[in-house]
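Have a look at the structure below, then the notes.
The values are calculated or read from the model by the stated rules, or taken from the named source; none is laboratory data. Just so we're clear, the structure is a prediction, and the values are computed from it rather than from any experiment. Note: ideal-geometry Cβ built from the backbone for every residue, glycine included; neighbour counts use all protein chains shown. Side chains included, ligands, DNA and RNA excluded: accessible areas come from the protein's heavy atoms. Shrake-Rupley method; radii C 1.70, N 1.55, O 1.52, S 1.80 Å.
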Amino acid sequence: MPRDYDVIVAGGGMTGLITATTIAKYTNQTMKILVIDRNEEINPARKNISGWTCGDAVSKRSIDFYSKEVGITYDYPELEHKVKGVIAFAPDRKTKVSFDGEGYVLNRKLLGLRQVEDAKKLGVEFSFETESDKLVLENGFITGVEILDKDKQRKTLTAKIVVDATGSASKLRQNLPIENSFMEKQIDRENDMETTGRYILEFDRGETDTSLFDDDYCIIHLNQDIAPGGYAWVFPKSKNKVNIGLGVQKKRLVTRNQRLGKNDTLQSLIDDYISSNTSIKNYRLSSDDGDSGNSRGNWQVPVRRQNDCMVENGYVIVGDAAWLPRPIDAGGIGPGIFASVIAGKTIANALQAKDYSQSSLWNYNTEYVRNYGYQMASFEILRRFLQIVLNEKISYGMKHFLSADDVEKITSREHPSFDKVNMFNPLMLFKILTHWSLAKELRYTAKKSNELVRHSQAYPESPEGFPEWKNKLDLLLNDAYNRFS
Ligand SMILES: Cc1cc2nc3c(=O)[nH]c(=O)nc-3n(C[C@H](O)[C@H](O)[C@H](O)COP(=O)(O)OP(=O)(O)OC[C@H]3O[C@@H](n4cnc5c(N)ncnc54)[C@H](O)[C@@H]3O)c2cc1C
């Protein structure tokens, strides 16, 4: 059957635009590609009505990867501010761990405009102010999408492959019309979704305290009283401009309020966090972002491992729609860039082979999980453990149980092995015995991490191997879920 397009990308955010551009590049612009986005053309990639709600931090490594693979290089002003790394502070702010190396704090609006321009240069078409509403199924294959156009007219557009990049609230994936799919449709909202919010502020410099603001580093505060079940951040956009906010797990907010006898909400936590920062004085909503309504916003972010299967017949999910953000710090831009490029190249191959089946698209799963996603399940377990530990123990653990080797591992995004927490270490024995349950659980997460990493790196080459692989994964995970429930 002739189709309207070779590929329709639903959702023109960060990952949809990279996927579309990569497909165009790797098919030498021979394919008809359409990006559908609900925003007006002047505000591309905006997540929701309140803006491009994000912490905006991304590693140089992922930006360089895109440049190397697709030949597109970003610079100022879309890379708004350069940083030397990310520093996570323990609740007592006495111990810190730096990770991720050099990076940038992005201007998401300008980046969206630039990404649309790049995609158009490669022949990608756009339909703005258009809502993707429903997937179309024919003979077991997704063959298009029902849309509501600018004038709220319902239409069906057909394609050989539909990419879902509509973000964390994707209703396309949730209503995937294929029964018994390997792709999970629903996320466990209670355990695996965080509600987050942030401001972009301009301010006058107050007290000099680099644990509160540092224009060279993105700062993360781990603190179960300030950001229960999540973390708070202070990401510099210049010497006098900041992206500042926090994320919480809803059920941890409830238990934190009970524990402290308070009645805080996400918003009151954010407002208190900002007003208690003595390095940030006379703050006001950023004027340059304010014009487009971007200086204040809340949104949700998935914090589990990626969807264990990201492809179906004629259908691919990327970005937050595929639950790509990292479980520990909710960073989704880097994983989104890696995944979108792999997905784009895989789709380009499938189009050239004229085979749009799950088998033909499977390489996206294998290549992403084995090379980038393999750590995510283990960090999901570490996250579940950290969410049930109180401040005093987190500070103690970061001070006494993290070795130089662990810090190095964290820097390169690997799971710490907590080798210091070992009964055969006489220097540590007293500390281990006085914090026995903490030591024991840290060892457990490290052991579990090894098993999960090994299992992820054995991700099956084809759909046939998936049921057995998935059964084993569920066994490995359920053991940890029960332990930290
Ligand atoms: C508060 C907050 C802070 C964060 N901080 C960081 C950070 O510092 N670093 C980091 O790496 N990650 C961070 N993340 C995660 C990061 O923002 C996401 O991982 C990333 O933006 C995902 O990109 P995406 O393209 O998949 O989805 P989105 O950015 O959500 O884009 C989806 C696009 O699809 C459009 N759309 C949605 N539904 C439809 C529809 N039905 N029809 C048509 N169009 C539709 C949207 O309008 C949007 O343009 C944060 C997230 C939040 C919420």
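Residue pairs whose Cβ atoms lie under 6 Å apart, sitting 6 or more positions apart in sequence or on different chains, and linking a residue in the range 387-408 that is within 23 Å of G247 (Cβ to Cβ) to a partner that is modelled with pLDDT of 90 or more and part of a helix (DSSP H, G or I), are Q387/R252.
Tell me which residues, restricted to the range 293-312, are open to solvent by 20 Å² or more (accessible area, probe 1.4 Å) and either in contact with a Gly (Cβ under 8 Å, 6 or more places away or on another chain) or within 15 Å of Y199 (Cβ to Cβ) (or both). Across the range 293-312, the qualifying residues are G293, R296, N298, W299.
Of the residues making up the range 159-174, one or more are away from the ligand (no atom under 12 Å from the Cβ) and either open to solvent by 10 Å² or more (accessible area, probe 1.4 Å) or assigned by TED's automatic domain parsing to the domain that holds P460 (or both). Here Y374 clears all of (1) more than 16 Å from A322 (Cα to Cα); (2) open to solvent by 40 Å² or more (accessible area, probe 1.4 Å) except the condition numbered (1).
Counting the residues of the range 41-59 that are surrounded by fewer than 18 Cβ atoms within 10 Å (Cβ to Cβ) and either more than 10 Å from the ligand (Cβ to nearest atom) or among the small types (G, A, S) (or both) gives 3.
Quick grid of which residues meet (1) modelled with pLDDT of 95 or more; (2) within 9 Å of the ligand (Cβ to nearest atom); (3) open to solvent by 10 Å² or more (accessible area, probe 1.4 Å); (4) of a type in the set (A, V, I, L, M, F, W, C):
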residue	(1), (2), (3), (4)
V7	yes, no, no, yes
A10	yes, yes, no, yes
M14	yes, yes, yes, yes
I18	yes, yes, no, yes
T21	yes, no, no, no
L34	yes, no, no, yes
R38	yes, yes, yes, no
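So for the range 303-311 (the condition being among the charged types (D, E, K, R) and either near the ligand (Cβ under 8 Å from one of its atoms) or over 25 Å from F379 (Cβ atoms) (or both)), does at least one residue qualify? No, the range 303-311 contains no residue that is among the charged types (D, E, K, R) and either near the ligand (Cβ under 8 Å from one of its atoms) or over 25 Å from F379 (Cβ atoms) (or both).
Contact map, the range 134-154: residues that are farther than 14 Å from V7 by Cα paired with residues that are open to solvent by less than 40 Å² (accessible area, probe 1.4 Å) and of a type in the set (S, T, Y), Cβ distance under 6 Å, separation 6+ or inter-chain. Pairs shown: I147/T130; I147/S132; D149/T130.
Restricting the first member to the range 166-182 and to residues that are within 19 Å of S357 (Cβ to Cβ), and the second to residues that are away from the ligand (no atom under 16 Å from the Cβ) and assigned to a loop (DSSP other than H, G, I, E, B), the beta-carbon pairs closer than 6 Å and six or more apart or on different chains are F182/C309. For the range 102-109, the count of residues that are of a type in the set (D, E) and under 23 Å from the mean Cα position of the chain (by Cα) is at least one. In the range 328-340, of all residues being open to solvent by 10 Å² or more (accessible area, probe 1.4 Å) and more than 8 Å from the ligand (Cβ to nearest atom), the one that is modelled with the lowest pLDDT corresponds to I328.
Within the bounds of the range 346-356, is there any residue that is within 26 Å of V35 (Cα to Cα), open to solvent by less than 30 Å² (accessible area, probe 1.4 Å), within 11 Å of the ligand (Cβ to nearest atom) and not assigned by TED's automatic domain parsing to the domain that holds E194?
no
When the residues of the range 101-143 are filtered to those that are among the charged types (D, E, K, R), near the ligand (Cβ under 10 Å from one of its atoms) and in contact with a helix residue (DSSP H, G or I) (Cβ under 9 Å, 6 or more places away or on another chain), which remaining residue is most open to solvent (accessible area, probe 1.4 Å)? It comes out as K134.
Residues are listed down the side, and each one gets a yes or a no for (1) closer than 22 Å to Q29 by Cα; (2) in the same structural domain as D214 (by TED's automatic domain parsing); (3) of a type in the set (G, A, S):
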site	(1), (2), (3)
I87	no, no, no
D100	no, no, no
G123	yes, no, yes
T143	yes, no, no
I147	no, no, no
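When V407 is tested against (1) in a helix (DSSP H, G or I); (2) crowded, with 18+ Cβ neighbours inside 10 Å, just one condition goes unmet, and that condition is (2).
Contact map, the range 309-335: residues that are free of Cβ contacts under 8 Å to residues at least 60 places away in the same chain and outside any helix (DSSP H, G or I) paired with residues that are of a type in the set (D, E, K, R) and near the ligand (Cβ under 6 Å from one of its atoms), Cβ distance under 7 Å, separation 6+ or inter-chain. Pairs shown: G332/D320.
Note on the range 228-253: residues that are farther than 27 Å from S287 by Cβ, part of a loop (DSSP other than H, G, I, E, B) and more than 11 Å from the ligand (Cβ to nearest atom) amount to 3.
If you go through the range 313-327 and keep only what is more than 6 Å from the ligand (Cβ to nearest atom) and open to solvent by 10 Å² or more (accessible area, probe 1.4 Å), you end up with N313, R326.
Scanning the range 165-223 for residues that are part of a strand (DSSP E or B) and in contact with a helix residue (DSSP H, G or I) (Cβ under 6 Å, 6 or more places away or on another chain) yields a count of 3. Listed conditions (1) over 30 Å from F182 (Cβ atoms); (2) within 13 Å of the ligand (Cβ to nearest atom); (3) open to solvent by 10 Å² or more (accessible area, probe 1.4 Å) are all met by Y283, apart from (2).
Scanning the range 270-280 for any residue that is assigned to a strand (DSSP E or B), in the same structural domain as L253 (by TED's automatic domain parsing) and at pLDDT below 95 turns up nothing.
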